[in-house]
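Undergrad: Below are the structure tokens for one structure; questions will follow.
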Amino acid sequence: MSQSNHTINRPRLAITLGDPAGIGPEVVLKALSDSQFWEFDITVVGTRSLLVDTYTKLKSIDGIGKLVEPSELKILDVEIGAATIANIIPGEGSAASGRASFAFLEQAIARATTGEFDAIVTAPIAKSAWKAAGYNYPGQTELLQEKSGAKRVGMLFVARSPHTGWILRTLLATTHIPLCQVAKVLTPELMTQKLDLLVECLKNDFGIEYPRIAVSGLNPHSGEQGQLGTEEQDWLVHWIEEQNSTKLRLDGPIPPDTMWVKPGMAWYGNSQNSNPADAYLALYHDQGLIPVKLMAFDRAVNTSIGLPFVRTSPDHGTAFDIALKGIADATSMKAAIELAQSLSIQRKERKSIFV
Ligand SMILES: NC(=O)C1=CN([C@@H]2O[C@H](COP(=O)(O)OP(=O)(O)OC[C@H]3O[C@@H](n4cnc5c(N)ncnc54)[C@H](O)[C@@H]3O)[C@@H](O)[C@H]2O)C=CC1
Ligand SMILES: NCC(=O)COP(=O)(O)O
């Protein structure tokens, strides 16, 4: 695909296969069959024999549609050992599949940190499979942060509406922690760190100099003046007021249930006057991701901001229930590759990186 005409300015993208028992290899094979990527400089990071095996099995399914042949790909063949390969069972996340997906990501990170890749696009992994393999990371984001030495990281979801072209950007203030810990972990300091990352990203990656950001409340009706929870009164209202400046406008705390009405209108084109914000700051995982997935499950992209290189990922998981059935939708993977390419170009041009 891209071995021959390498040019210095083309971003070098790594795509990891994710958990090989899930739909990662399938969405990679489907996405890379799209001619829009044929001029991209892409290296697939994973075990070649697993990819070839997935290709052969999918090819035998009637009406499977387009798949790229593995022989046309540049593959960084990651050695995981015959015993691990033998224990990978499609549709079942296991210690073996976790060992594999961890090894793929480790390889990609090692090479991105030395500058061999400009961006990593990650197919999904199962956090439970990593745990079974003995790796105690809540997700790929945390491994990326640790191994790249980044001081701060933010989990931002980006999706362009197919109805209106409007772009939804949602940052999660907290990510993979139990719900009962959210109120304890959320602090003004954490919010400031995440907001700073978001503002830098909006400016450097999306060219938005003076952003307007909507911030969600934590409690029903943002606490209803303390009657339904006190975090808003205790610090969140004050924190929002403090952040507002001539260069940045924060709206909120917006009651979490109504926070998503305007973005919904902007997404579906139900109103010309929805006046959506440039980005949405959600306080916990499901508060931000339920609306993202309702609007854009087929096309949202998860991007880790704050790393020294670009990282994107489809918004979906390993989908073990449909592994090797040939029905996995690759739209979100395609969007993740497109975003990795455009962010890499943008960062090269602006010479901007997160520190
Ligand atoms: N970036 C990552 O590595 C992510 C990993 N995960 C992990 O994935 C595992 C499974 O998570 P779930 O909550 O079940 O979410 P999931 O996204 O894997 O599946 C949810 C539902 O959507 C369907 N689905 C998902 N992707 C699809 C696609 N591309 N085409 C067609 N149907 C699709 C699945 O069949 C399933 O019915 C968990 O271990 C989770 O931690 C979840 C989200 C992101
Ligand atoms: N729900 C988002 C998610 O699970 C992303 O996880 P990861 O990319 O950090 O592995």
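Undergrad: How about the stretch 312-349: which of its residues are surrounded by fewer than 18 Cβ atoms within 10 Å (Cβ to Cβ) and among the acidic types (Asp, Glu)?
TA: Correct list: 321, 349.
Undergrad: Quick one: is residue 338 more than 16 Å from ligand 2 (Cβ to nearest atom) and either closer than 22 Å to residue 168 by Cα or at pLDDT 95 or above (or both)?
TA: Details: more than 16 Å from ligand 2 (Cβ to nearest atom): yes; either closer than 22 Å to residue 168 by Cα or at pLDDT 95 or above (or both): yes.
Criteria met by residue 338.
Undergrad: Follow-up question, since we're still on this one. Scan the stretch 200-235 for residues that are surrounded by 21 or more Cβ atoms within 10 Å (Cβ to Cβ) and of a type in the set (Val, Ile, Thr) and jot them down.
TA: 213, 215
Undergrad: Any idea how many residues of the stretch 267-285 are assigned to a helix (DSSP H, G or I) and either without any contact (Cβ under 8 Å) to a residue 40 or more places away in the chain or farther than 17 Å from residue 255 by Cα (or both)? It would help to see each step written out before you state the result.
TA: From the stretch 267-285, those assigned to a helix (DSSP H, G or I) are 267-268, 285; that's our starting set.
Okay, now just the ones that are also either without any contact (Cβ under 8 Å) to a residue 40 or more places away in the chain or farther than 17 Å from residue 255 by Cα (or both), so 267-268.
Residues in the stretch 267-285 being assigned to a helix (DSSP H, G or I) and either without any contact (Cβ under 8 Å) to a residue 40 or more places away in the chain or farther than 17 Å from residue 255 by Cα (or both): 2 in total.
Undergrad: Of the numbered conditions (1) touching a strand residue (DSSP E or B) at 6+ places or on another chain (Cβ under 8 Å); (2) under 21 Å from residue 88 (Cα atoms); (3) not hydrophobic (A, V, I, L, M, F, W, C), residue 139 fails exactly one; give the number of that condition.
TA: (1)
Undergrad: Looking at this structure, is residue 323 under 17 Å from residue 156 (Cβ atoms) and among the hydrophobic types (A, V, I, L, M, F, W, C)? Before the answer, list the steps.
TA: On the way: under 17 Å from residue 156 (Cβ atoms): no; among the hydrophobic types (A, V, I, L, M, F, W, C): yes.
No: the conditions fail for residue 323.
Undergrad: Which residue, of 317, 326, 288, is in contact (Cβ under 8 Å) with a residue 60 or more places away in the chain, closer than 18 Å to residue 18 by Cβ, within 16 Å of ligand 2 (Cβ to nearest atom) and not β-branched (Val, Ile, Thr)? Walk me through how you get there before you give the answer.
TA: Working: 326 fails: within 16 Å of ligand 2 (Cβ to nearest atom); 288 fails: closer than 18 Å to residue 18 by Cβ.
None of the others qualify; the one that does is 317.
Undergrad: From 345, 322, grab the single residue that is farther than 19 Å from residue 142 by Cα, more than 16 Å from the chain's Cα centre (by Cα) and within 11 Å of ligand 1 (Cβ to nearest atom). Walk me through how you get there before you give the answer.
TA: Values: 345 fails: within 11 Å of ligand 1 (Cβ to nearest atom).
From the options 345, 322, the qualifying one is 322.
The values are calculated or read from the model by the stated rules, or taken from the named source; none is laboratory data. Please read all numbers here as calculations on a predicted model, not as lab measurements. Heads up, the Cβs are rebuilt from the backbone with ideal geometry, glycines too, and the neighbour counts pull from every protein chain shown.
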